[in-house]
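Here is the structure we will look at.
The values are calculated or read from the model by the stated rules, or taken from the named source; none is laboratory data. Given the structure is predicted, the values throughout are model-derived calculations rather than measurements. Neighbour counts run over all protein chains shown; Cβ positions are idealised from the backbone, glycine included. What goes into the accessible areas is simple: the full protein's heavy atoms, side chains included, and nothing from ligands, DNA or RNA. Shrake-Rupley method; radii C 1.70, N 1.55, O 1.52, S 1.80 Å.
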Amino acid sequence: MQIADVQDDIDRVLLTKEQIEKKITEAAAVIDRDYKDKNVLLLAVLKGAVNTLVALSSHLHLNAQMDFMSLSSYGSGSESSGKVTIRQDMSVDVRGRHVLIVEDIVDSGLTLSWLMDLLHQRGAASVEAFALLNKPARNKVHVDVKYPGYEIPDEFVVGFGLDYDEKYRNLDSIAALKPKVYEGDQS
Ligand code: PRP
């Protein structure tokens, strides 16, 4: 899906398909180098990270294993409480593994911080993260993201995995929604 398909709902494009591709390609080159002699396990957090995982993995030259986790962060409205629960656990035993978490966005930072702690507790040899987006204005905790992508302002953004009401995930760029799309929605 492209911007033209949802033009009426979009305020402006924040990141084009080409800008996203560029950042992911650059990160892949660094990850290739850093994990050259390691058997990296890419762990994507469902659902938003799927697009990023596909793009990142396709630019890697090394062999990477993939796994998935579905997490839920309960809170009031759009505010994360930090109480993360596992909806669907990963299938690989991470003991002794070099895990690279793949995320679409760091918002409060609570999900990624919680997941990194969990993987350490489970005995991973190393735990790092690639996050395509970060909203610094919303960060509640500091998370050490070794492979950061773009910093974006505190706006309601969709596309490239990010949704509003489960829509726009398959948009090939990242864009800010017009307030009319979500105004009146208290969730
Ligand atoms: C998003 C995103 C991260 C998390 C970041 O997932 O994919 O996992 O929120 O938020 P935080 O930094 O405040 O913890 P979401 O819960 O919206 O689910 P989704 O990926 O299925 O859309």
Would you confirm whether or not the stretch 22-37 contains a residue that is of a type outside the set (Lys, Arg), more than 21 Å from Pro148 (Cα to Cα) and within 16 Å of the ligand (Cβ to nearest atom)? no
Report, by residue number, each residue of the stretch 1-54 that is open to solvent by less than 30 Å² (accessible area, probe 1.4 Å) and in a loop (DSSP other than H, G, I, E, B). Tyr35, Gly48, Ala49
Determine, yes or no, whether Ser173 is away from the ligand (no atom under 14 Å from the Cβ) and touching a helix residue (DSSP H, G or I) at 6+ places or on another chain (Cβ under 6 Å). yes
For Ser81, which of the numbered conditions (1) modelled with pLDDT of 95 or more; (2) within 10 Å of the ligand (Cβ to nearest atom) fails to hold? (1)
Could you check the stretch 154-178 and list, in sequence order, the residues that are touching a residue at least 60 places away in the same chain (Cβ under 8 Å) and open to solvent by 20 Å² or more (accessible area, probe 1.4 Å)? Glu155, Phe160, Asp163, Arg169, Asn170, Asp172, Lys178
Can you tell me which of (1) over 15 Å from the mean Cα position of the chain (by Cα); (2) more than 14 Å from the ligand (Cβ to nearest atom); (3) open to solvent by 70 Å² or more (accessible area, probe 1.4 Å) is the one Lys146 doesn't meet? (1)
